[in-house]
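Participant: Pasting a structure below so you can have a look.
The values are calculated or read from the model by the stated rules, or taken from the named source; none is laboratory data. This structure is a prediction, so every number in the text was calculated from the model and none was measured. All Cβ positions, even for glycine, are placed from backbone atoms using ideal geometry, and neighbour counts span all protein chains on display. Keep in mind that these areas ignore ligands, DNA and RNA; they rest on the heavy atoms of the full protein, side chains included. Shrake-Rupley method; radii C 1.70, N 1.55, O 1.52, S 1.80 Å.
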Amino acid sequence: MTAIETPEAAPAPSPDRLHTPVLAWFDQHARDLPWRRPEAGAWGVMVSEFMLQQTPVSRVLPVYEQWLARWPRPAALAAEAPGEAVRAWGRLGYPRRALRLHGAAVAITERHGGDVPSDHAQLLALPGIGEYTAAAVASFAYGQRHAVLDTNVRRVIARAVTGVQYPPNATTAAERRLARALLPDDEARAARWAAASMELGALVCTARNEDCGRCPIARECAWRLAGKPAHEGPARRGQTYAGTDRQVRGKLLAVLREAHGPVPQAALDAVWHEPVQRARALDGLVADGLVEPLDGGRYRLPSA
Ligand code: SF4
């Protein structure tokens, strides 16, 4: 087992003392989520990972089910226009993820015969797939040994091992080294650890209400043992939505999703009272490839 290198001095528990309790807790408490079932396959795992970024499970579940029913394989999605992916994305938010998932499906179909590759480098080479998603698919779908660093895992490691309340805003090289050092040596156990530590962060060691009384590693947790020192640095604020360009983009896109043909400018003008912000939001959607301008001041979801 590799020695742990912590970014800051802290009484770090040994990896072995974390694995067994967290894995045992996961055996008992893991949620039965559709993308964790064997029938989900690598495509189901990939779809879920795109949808779950910055989006709670409860909102993802219905869209995920409809998506997989309509497009059970990457080739089925690749055969349709990208605008159909944006339409099916519904109100999940951050709709560029729909375009990226469509782009990945096209590449999987063209380069890999329609099967999601298992090789980490091949996953990483797909459009729209970053380090996190490649590691998540390789680990969750193919049982490989990778550090899968989402916000939940980063928070658990920050608290239990590094001894601080929150991880840095952006993932650092030190966090990656630490997460790799924490991986069990055995491949199957490492894959299970990735899912288990993520679930612990989602259900017990949450951002604002850590439930140490239910935590399987409370006796090891460096942050708890240090008396839970408060986060240093600027206060973490929740994102506001009302009145933002994001909200306007969402309203404009909703009109286009619900239409069955090109939409006139007047229909878009009706969704937001402030013309400068409305125009800026629409320009942004066009620039992002989420909306296609047509002749005569009409718009539609992207056709190609
Ligand atoms: S003991 Fe509390 S702070 Fe530490 S990992 Fe568990 S829930 Fe999080």
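Participant: Return yes or no: is Arg214 of a type in the set (D, E, K, R) and surrounded by 17 or more Cβ atoms within 10 Å (Cβ to Cβ)?
Facilitator: On the way: of a type in the set (D, E, K, R): yes; surrounded by 17 or more Cβ atoms within 10 Å (Cβ to Cβ): no.
Considered against the rule, which asks whether it is of a type in the set (D, E, K, R) and surrounded by 17 or more Cβ atoms within 10 Å (Cβ to Cβ), Arg214 comes out as no.
Participant: Does Arg208 satisfy the condition of being surrounded by fewer than 19 Cβ atoms within 10 Å (Cβ to Cβ) and within 16 Å of the ligand (Cβ to nearest atom)? Give the derivation first.
Facilitator: Numbers: surrounded by fewer than 19 Cβ atoms within 10 Å (Cβ to Cβ): yes; within 16 Å of the ligand (Cβ to nearest atom): yes.
Here the answer is yes, as Arg208 does meet what is asked.
Participant: Restricting attention to the range 204-222, and to residues there that are touching a helix residue (DSSP H, G or I) at 6+ places or on another chain (Cβ under 7 Å) and assigned to a helix (DSSP H, G or I), which single residue is farthest from Pro56 (Cα to Cα)?
Facilitator: Ala222
Participant: Next question. Take the residues of the range 187-198 that are within 21 Å of the chain's Cα centre (by Cα) and away from the ligand (no atom under 12 Å from the Cβ): which is surrounded by the fewest Cβ atoms within 10 Å (Cβ to Cβ)?
Facilitator: At the first step, the residues of the range 187-198 found to be within 21 Å of the chain's Cα centre (by Cα) are 190-198.
Imposing the further condition that a residue be away from the ligand (no atom under 12 Å from the Cβ) reduces the set to 190-196, 198.
Details: Ala190: 21, Ala191: 22, Arg192: 21, Trp193: 25, Ala194: 27, Ala195: 18, Ala196: 25, Met198: 23.
It comes out as Ala195.
Participant: On to the next question. Looking at Val161, Val148, Val137, Val153, can you tell me which residue is closer than 28 Å to Ala196 by Cα and over 20 Å from the mean Cα position of the chain (by Cα)?
Facilitator: The conditions single out Val161.
Participant: Let me ask something additional. Which of the residues belonging to the range 64-85 are among the basic types (Lys, Arg) and free of Cβ contacts under 8 Å to residues at least 24 places away in the same chain? Steps first, answer last, please.
Facilitator: Taking the range 64-85 and keeping what is among the basic types (Lys, Arg), we get 70, 73.
Once the filter is applied, which keeps residues that are among the basic types (Lys, Arg) and free of Cβ contacts under 8 Å to residues at least 24 places away in the same chain, the range 64-85 yields only Arg70.
Participant: Here is a further query. Could you go through the range 50-73 and let me know if any residue there is surrounded by 15 or more Cβ atoms within 10 Å (Cβ to Cβ) and within 19 Å of Gly289 (Cα to Cα).
Facilitator: Scanning the range 50-73, I find at least one residue that is surrounded by 15 or more Cβ atoms within 10 Å (Cβ to Cβ) and within 19 Å of Gly289 (Cα to Cα), so the answer is yes.
Participant: State all residues of the range 279-304 that are open to solvent by 40 Å² or more (accessible area, probe 1.4 Å) and over 28 Å from Ala79 (Cβ atoms); if no residue qualifies, say none.
Facilitator: Ala279, Arg280, Asp283, Gly296
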